[in-house]
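Each remark here refers to the structure printed beneath this line.
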């Protein structure tokens, strides 16, 4: 299978996610869990099967060109380190799915849960196997989004909503910083390819942009792995279901940050900046996480702070710049994932069977849950670093590195004492977890009176992981040695040191530190036992310094004070000031690049002007001035005048030999004019005498707006003149003219540019158009017409009175009788316009037309049906679902681009040939036609969606007024 195994591995979880979400909400937990289990098991087997490709430092690559000119390619890369993480993601993911099958309730929307879980797995796999750092950033953000959805799964609780919002805010900001850092890194190296970046360590460290890039990358890594000062989001994420905590918050998502630090270790580590920034964050997190964990009363809260502390341990190891420390960090990533995932699932079993996670209410559960208690004891011992368990080995390696001298600084010299103290805290909270939950008197007043062992398959994942902890702890060189060596070599390369995974290294200083920590931690727990049994949740001396409280205060400060101040200064609900900002910003956006880069214009040479063209423009200028004048008195007349200006622009395009622009301009004018016309009646009425009541301040504002409009208009004229007269080489225009037919298969150069040469830009533009349509629809759904908006026309109200005693008559009947002749003509025009739209679409690659113009044309056909028959009549007869058209358009355009990959070409590469059709003859057929079909579908869907939103205002206002009439009759 070779490199394609990486593509299958990445696609598989997302395909499973789509399959799960397609299930009904009322489905039982069995079917979605079987789908999720099958997908995760298949992903695990694929990952395991790829091991021969990554042995001995080899790298498996899958490469697809995306935008090669910008260095953006879809590159997947699997080495030993990525393979180890992929095994963790898929292996623990499979165990979590088995566990969740019995944990989740039938009352929960289980298909949604497994859909989010699989999508998160796919995003996490994308992070570890990305070979392009920009692609890595995309998957990085996806993990934040899907973790938000998983944490807020029980969104009916405030804790879940707040925890999800906090996690998304912190990790989302970190992800944005990471993107900046990766862009800086790519700028330093000259490539976004991960292999080239990892090979350029010396050039990166010696570059002037090294420190800014390092800071931004660290912000991304430290926020994701909940390192100080961003550690507070992880405990609040414990409102998620326990399977989420076992997967995201122990084995995968929080490991993404330390994975990134280890991945970029060859390129960024080895400097004093790296040591101090990473080391301080790691050491502080190591201590405060362990200290806070001792005083948590919630089982998952204890495990969350323990996770923070162990992630701080890994970060500290990576900060030392030592190859041996990096080996220990990678080893502890593996060990921590196994024992912490098992502990989270054991805590979930306790909560599931006892009904609470509060350790003050739990005691003596060993007699009810002997097997679960034994498993939890072994996992807790691994977390505490007890010999013959996997946690002991990596902790000993940590102690060994702590006593070495790396930077000869106060932080480095104090590290052995910090490590011993943090390890003592770890022993204390591990002993507390076991002693308070499983020993002591029988529990009283539990939500569930008689706890009992869960079903075997719910306990199986814990059993499997605990066995792994034992096997690795007893025979590390045999069980995990080859896989660890493969991962280490892929990170360190030639710097890979000699290291030993022996269980016994003799009586040395690390062993003495370990014994001291175990004895001291045990004594510390029993000394504080009484206080811990009755204290409130929270660590002494730090109860007032809660990260959640600080976070909320910062959000309130930003959203309430700063935002209110900004809104007061520059914001308003009035349309005119907003338009001033839009117009002014647009003008500056056009002027600033020219001003910064400098420009030269050729001298203006007047070569005469055609009198007919001058007359057309004179009419256009008069219409523009008339629009500004009529807008004060009659909106409909102003709209007609504005449409006239658009027609003059259309004629100008034709005059200047731009028929594509002319067609598009004409169709846009028709559609926008009708849509604006539909919205005019919902604005407040213009009453007589309003102009006399206008204050001096309002008149000044009008003259100010006029001045701004004139200034920006003249400015845009100047910018246009500057751009058109700049001494730009003719190579760009000549390239398109010479290659439009030979490479794009079309004689219409404009359309070939849109769907072929600059197809990626067009894909982005239609995506924006779809978002705009959805936004307009959402806003109009909340819009309520003004109380004094226009009534129905008088003729239509008279017709309604004639029909008052004929309830069988519909709105469409009334409209057609009110507009009898026009409505019949408009209905007859529907098939004609549809045919014309198909004609415009098919000819677009060689003659003026294309998907955008054809989409607008078909939209006009739907507009006419709404005008002819009314909203309900049209929707009863024309089954069009705009959202599906929008989705189909995006998918079709994207699938066209992806299809090029199947033939070894970059994304959106077009291919063409001539085909022979019956009765038509020979005609060109290009794959760009499919892309244009996506544009066509999205334009139709977006336009009709806005039309539907406007048309339904009539239904809403009539319904509201009917209700008011009924209430008035009842009151009378």
Considering residues that are within 25 Å of residue 50 (Cβ to Cβ) and either in contact (Cβ under 8 Å) with a residue 12 or more places away in the chain or in contact with a strand residue (DSSP E or B) (Cβ under 7 Å, 6 or more places away or on another chain) (or both), the number found within segment 456-468 is 4
Kindly check whether there is at least one residue in segment 97-104 that is outside any helix (DSSP H, G or I) and in contact with a helix residue (DSSP H, G or I) (Cβ under 6 Å, 6 or more places away or on another chain).
yes
Of all the residues that make up segment 477-492, how many are surrounded by 20 or more Cβ atoms within 10 Å (Cβ to Cβ) and closer than 15 Å to residue 324 by Cα?
8
Report whether or not residue 47 is in a helix (DSSP H, G or I) and under 23 Å from residue 332 (Cα atoms).
yes
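Conditions (1) surrounded by fewer than 24 Cβ atoms within 10 Å (Cβ to Cβ); (2) modelled with pLDDT under 90; (3) in contact with a strand residue (DSSP E or B) (Cβ under 9 Å, 6 or more places away or on another chain), marked per residue:
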| site | (1), (2), (3) |
| --- | --- |
| 255 | no, no, no |
| 266 | yes, no, no |
| 278 | no, no, no |
| 330 | no, no, no |
| 355 | yes, yes, no |
Which members of segment 70-87 meet the condition of being in contact with a helix residue (DSSP H, G or I) (Cβ under 6 Å, 6 or more places away or on another chain) and either on the phi > 0 side of the Ramachandran plot or in a helix (DSSP H, G or I) (or both)?
80, 81, 82, 83, 84, 85, 86, 87
(1) under 29 Å from residue 525 (Cβ atoms); (2) surrounded by fewer than 19 Cβ atoms within 10 Å (Cβ to Cβ) all hold for residue 437 apart from (2)
Could you grab me the full set of residues in segment 740-752 that are in a helix (DSSP H, G or I) and in contact with a helix residue (DSSP H, G or I) (Cβ under 6 Å, 6 or more places away or on another chain)?
740, 744, 749, 750, 752
Can you tell me which residues in segment 590-618 are modelled with pLDDT under 80 and in a helix (DSSP H, G or I)?
590, 591, 592, 593, 594, 595, 596, 597
Of the residues in segment 156-189, how many are surrounded by fewer than 19 Cβ atoms within 10 Å (Cβ to Cβ), modelled with pLDDT under 90 and in contact with a helix residue (DSSP H, G or I) (Cβ under 6 Å, 6 or more places away or on another chain)?
1
Does residue 279 count as in contact with a helix residue (DSSP H, G or I) (Cβ under 9 Å, 6 or more places away or on another chain), outside any helix (DSSP H, G or I) and closer than 25 Å to residue 399 by Cβ?
no
Residue 44 being at pLDDT 85 or above and buried (at least 21 other Cβ atoms within 10 Å of the Cβ):
no
Quick one: would you say residue 898 is free of Cβ contacts under 8 Å to residues at least 12 places away in the same chain and out of contact with any strand residue (DSSP E or B) (no Cβ under 8 Å at 6 or more places or on another chain)?
yes
Qualifying residue in segment 259-273 (condition: outside any helix (DSSP H, G or I) and at positive phi):
yes
With the condition kept exactly as written, say whether any residue in segment 54-62 is assigned to a helix (DSSP H, G or I), outside the structural domain of residue 461 (by TED's automatic domain parsing), more than 26 Å from residue 898 (Cα to Cα) and touching a strand residue (DSSP E or B) at 6+ places or on another chain (Cβ under 9 Å).
yes
Just one listed residue, out of 428, 400, is part of a helix (DSSP H, G or I), in contact with a helix residue (DSSP H, G or I) (Cβ under 6 Å, 6 or more places away or on another chain), in the same structural domain as residue 335 (by TED's automatic domain parsing) and surrounded by 24 or more Cβ atoms within 10 Å (Cβ to Cβ), and it is 428
Mind checking which residues of segment 843-871 are touching a residue at least 40 places away in the same chain (Cβ under 8 Å) and either in contact with a strand residue (DSSP E or B) (Cβ under 8 Å, 6 or more places away or on another chain) or not in a helix (DSSP H, G or I) (or both)?
844, 845, 846, 847, 848, 849, 850, 870
Can you name the residue in segment 123-134 that is closer than 22 Å to residue 189 by Cα and buried (at least 22 other Cβ atoms within 10 Å of the Cβ) and, of all such residues, is nearest to the chain's Cα centre (by Cα)?
127
Would you confirm whether any residue within segment 195-206 is more than 24 Å from residue 126 (Cα to Cα), in a helix (DSSP H, G or I), under 23 Å from the mean Cα position of the chain (by Cα) and in contact (Cβ under 8 Å) with a residue 24 or more places away in the chain?
no
Right, residue 906: closer than 24 Å to residue 658 by Cα, touching a helix residue (DSSP H, G or I) at 6+ places or on another chain (Cβ under 7 Å) and in a loop (DSSP other than H, G, I, E, B) or not?
no
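The values are calculated or read from the model by the stated rules, or taken from the named source; none is laboratory data. What you are looking at is a predicted structure, and each value in this text was computed from that prediction instead of being measured. With ideal geometry, Cβ positions are generated from the backbone for all residues, glycine too; neighbour counts draw on all protein chains shown.
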